[in-house]
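Right, one structure below, let's go through it.
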Amino acid sequence: MAEIFPFAAYRYNLDRVNLADVITQPYDKITPAMQQHYGQASPYNLIAVEKGQPSATDSPADNVYTRAEQALSAWIRDGILRRDPSPGIYVYSQEYTVPGAADRRTRRGFIALGRVEDYSAGVVFRHEQTLSGPKADRLELLRHTRTQTGQLFMLYADPDRRIDTALFRASAAIKAVEARDEYGVLHRLWPVFDPEVIGAVVRGMAQQKLVIADGHHRYETAIAYRNECRAKSGHSDPNAPYEKAMMAFFNTESPGLLILPTHRVVAHLKEFEVETLCRNVAGTFDAQSYSFSSGAAHTAAYAQFRRGLFTRGVEGRAIGMYARGVFVLLVLRPDADLASELPDLSPAQRGLDVVLLHRLLLEKALGITPEAVTAEKNITYERDMDSAVAEVDDGRAQVCFLLNPVSVEQVMKMALAGEVLPQKSTDFYPKLLSGLTLYRLD
């Protein structure tokens, strides 16, 4: 089953830098504005490595990847980054406010190395497909820097909390390193070096299967890099640094584990009418409309619609839709024959609202092909429901589809069964910061 290992992480020297000034969000969440902000925050900000700025004069000898390695080497040489003196496991917590709500939650797990396994080994499982572009970029960066700057987000199931109890208890006596990110999330890190505690965690995790929550592209990059290194060495060394990857492990029973929905915003359709779509799916969905004709009525209709969507998310199956002038709640009919409509899908796939959205509404009713979805030809994505609605109100989109989140249980069930969800089905919140711990493959 899962093999995990303590490691001596490289970490920022807090005598030289303020941690909040040097850490970043994961590379794929960094906008150009964030990239500029990070670069201005500190000359040692990880952005120089995580997502460097290309230049018109870039060449094979001088580019974002070579400059990333030069920055890392200089920071290590100058004592900006220091390696811990002994291998440890790092307890990691994130205290955050749920977006769109007022309640505060804390998600807690731990950072260690995990053995890089092929999916066919039945140890590590994915829940989404990957794209070639991001993997090519991350592989080139790894080739140059030989360093992993962010953790892969892994899930494991331990209902009795036997694995992490002693680890969390040991961390209580250690002073935390902490930083607050731009979203107000408080990140805390406790290094645990006690061999007995580490041994207990390693033994406990040996019984586990792992599901990738976030970081599929980086995990497959780690596989590709491992295979390259094996080919160069001419043999397989299970203890080689490239056989492992830096991971953050979270128990599915963690009270702070949160998945947000990702809403679909649709534009550039040749024609679209709410009534036509509702008629086309009437055998599968009952449509409940909330129309309005004024600003005040818009607010009231929106509030009523949201209550209906959230309630149906608990009690049944529903997909929300908004076009100018009307909110529509598409409720799955009790007599809907999904097995006949989607015979190529498993019962688990047919149990997901996001799958019904893609196959029955986007593909069948609107003619948006899977290829167009992948290319984002007609579809963009919004985490925030209000932002999705505003896209339609402002005329930038014709319609948006609003979803309840996929549950952690559904993700685990799908992944362990060897199935994948549609693109951007899950948004685990908050993201794991890059730069808290670094794993140098040397």
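Residue-by-condition table, conditions (1) modelled with pLDDT of 95 or more; (2) assigned by TED's automatic domain parsing to the domain that holds residue 92; (3) under 33 Å from the mean Cα position of the chain (by Cα); (4) among the hydrophobic types (A, V, I, L, M, F, W, C):
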| position | (1), (2), (3), (4) |
| --- | --- |
| 243 | yes, yes, yes, no |
| 246 | yes, yes, yes, yes |
| 249 | yes, yes, yes, yes |
| 252 | yes, yes, yes, no |
| 280 | no, no, no, no |
| 283 | no, no, no, no |
| 294 | no, no, no, no |
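Restricting the first member to the stretch 186-202 and to residues that are under 22 Å from residue 94 (Cβ atoms), and the second to residues that are surrounded by fewer than 19 Cβ atoms within 10 Å (Cβ to Cβ) and acidic (Asp, Glu), the beta-carbon pairs closer than 7 Å and six or more apart or on different chains are 186/95; 186/178; 187/178; 187/181; 188/178; 191/84.
Scan the stretch 75-119 for residues that are among the aromatic types (Phe, Trp, Tyr) and within 19 Å of residue 258 (Cβ to Cβ) and report the count. Residues meeting the conditions: 3. Applying the criterion of at least 2 residues that are under 30 Å from residue 435 (Cβ atoms) and touching a strand residue (DSSP E or B) at 6+ places or on another chain (Cβ under 6 Å) to the strands (runs of 3 or more DSSP E) found wholly in the stretch 245-345 leaves 258-260. The one condition from (1) among the hydroxyl-bearing types (Ser, Thr, Tyr); (2) under 28 Å from residue 28 (Cβ atoms); (3) modelled with pLDDT under 90 that residue 236 does not meet is (2).
Of the listed requirements (1) under 24 Å from residue 412 (Cβ atoms); (2) surrounded by 15 or more Cβ atoms within 10 Å (Cβ to Cβ), residue 51 misses just one: (1).
Residues that are surrounded by 13 or more Cβ atoms within 10 Å (Cβ to Cβ) and in a loop (DSSP other than H, G, I, E, B) occur at least once in the stretch 87-97. The condition of being touching a helix residue (DSSP H, G or I) at 6+ places or on another chain (Cβ under 8 Å) and at pLDDT below 95 holds for only one of 181, 164, 160, that being 164. Which one is surrounded by the fewest Cβ atoms within 10 Å (Cβ to Cβ), of the residues in the stretch 13-24 that are within 18 Å of residue 74 (Cβ to Cβ) and more than 24 Å from the chain's Cα centre (by Cα)? Of everything passing the filter in the stretch 13-24, 15 is surrounded by the fewest Cβ atoms within 10 Å (Cβ to Cβ). Scanning the stretch 318-348 for residues that are over 25 Å from residue 397 (Cα atoms), in contact with a helix residue (DSSP H, G or I) (Cβ under 6 Å, 6 or more places away or on another chain) and at pLDDT 90 or above returns 338, 342. Could you look through the stretch 61-82, keep only residues that are aliphatic (A, V, I, L, M) and out of contact with any helix residue (DSSP H, G or I) (no Cβ under 9 Å at 6 or more places or on another chain), and pick out the one that is nearest to residue 13 (Cα to Cα)? If we take residues in the stretch 61-82 being aliphatic (A, V, I, L, M) and out of contact with any helix residue (DSSP H, G or I) (no Cβ under 9 Å at 6 or more places or on another chain), then 76 is nearest to residue 13 (Cα to Cα). For the stretch 27-47, does any single residue satisfy the condition of being under 29 Å from residue 124 (Cα atoms), assigned by TED's automatic domain parsing to the domain that holds residue 250, polar (S, T, N, Q) and buried (at least 20 other Cβ atoms within 10 Å of the Cβ)? So far as the stretch 27-47 goes, no, none of its residues is under 29 Å from residue 124 (Cα atoms), assigned by TED's automatic domain parsing to the domain that holds residue 250, polar (S, T, N, Q) and buried (at least 20 other Cβ atoms within 10 Å of the Cβ). If you go through the stretch 366-410 and pick out every residue that is more than 21 Å from residue 295 (Cβ to Cβ), of a type in the set (A, V, I, L, M, F, W, C) and assigned to a loop (DSSP other than H, G, I, E, B), you end up with 5. Of the residues making up the stretch 138-147, one or more are surrounded by fewer than 16 Cβ atoms within 10 Å (Cβ to Cβ), not acidic (Asp, Glu) and not in a loop (DSSP other than H, G, I, E, B).
Residues satisfying the criterion are absent from the stretch 116-132 (criterion: basic (Lys, Arg), assigned to a strand (DSSP E or B) and in contact (Cβ under 8 Å) with a residue 40 or more places away in the chain).
The values are calculated or read from the model by the stated rules, or taken from the named source; none is laboratory data. Everything numeric here is computed off the predicted structure, so don't read it as measured data. Because the Cβ atoms are built from the backbone with ideal geometry, glycine has one as well, and the counts that use them run over all protein chains shown.
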